[in-house]
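The values are calculated or read from the model by the stated rules, or taken from the named source; none is laboratory data. Fair warning: this is a prediction, and the values are worked out from it, not measured in the lab. Reconstructed Cβ throughout: ideal geometry from the backbone, glycine too, with neighbour counts over all protein chains shown. Protein only, heavy atoms only, side chains kept; ligands, DNA and RNA dropped before computing areas. Shrake-Rupley method; radii C 1.70, N 1.55, O 1.52, S 1.80 Å.
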Amino acid sequence: MQDQYQSFTLFLLLSSAITLIATAIAWRRSSPGSFTAGLLLLSMTIWSGTYAARLSDSSPQQKIFWFYVMYLGILSMPSLFLLFVLRLTQNDRWLTQRNLVLLFIQPAVSLLLLWTNDLHHLYYKSIETSATNQKILIESVRGPWYVVNTVYSYGVIVLALGVLFYSAMRLGPLFRKQHRLILIGSAIPWISSIFNELN
């Protein structure tokens, strides 16, 4: 069991290193969507890096701390994915200041509710640590806002995938193939995440 945790932690650290390098590469490019792709990759770096820190041999307080920081990446990812898709598909007319603010209100509220969860228990009914097989684990019970955030997040993701699919159908053969590859590569982890939520 210990070896499995160590292997998974190393995988997460490798993933965060790769996405961090990809972030730097994306920000050096000037093609449509490169900046938002960099932000999206950075959110992945935060998610996998803090997840690795959470799994490492640390105190219960440190594990809880990294659990909360991890949500910076988790909560921003759906909105950043939609921004990336809109930029990639050249739907810049939707990227008004008003729409950007509206898009990030829910993730900001979710993060605030999570970080103040001890006051109201809306995001998680409880977040506790327990020792199992000489490993400290975080055990949580989902609250009502967790459900709200999940529905919102997957709604945004489905919208982004729909825009990407529609764009792929309208483009020429070269760009259509590119968009289809991005669509497939994006859909696989999101679908996997949905099944994980249902289990």
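Label points 7 Å out from Cα along the Cβ direction at Arg142 and Leu14: separation in nm?
3.0 nm
Give the carbon-plus-sulfur fraction of the accessible surface of segment 1-147 in %, rounded to a whole number; probe 1.4 Å, heavy atoms of protein chains only. Intermediate values should be presented prior to the final figure.
Values: 5520 of 8470 Å².
Ligands and nucleic acids excluded, carbon and sulfur give 65 percent.
Roughly speaking, what is the centre-to-centre gap between segment 14-46 and segment 74-94 when only Cα atoms are used, to the nearest Å?
Here the two parts' Cα centres lie 14 Å apart.
According to a simple spin-label model (label point 7 Å from Cα along Cα-to-Cβ), what is the distance in nm between Leu102 and Ser58?
Rounded to a tenth, the inter-label distance reads 3.8 nm.
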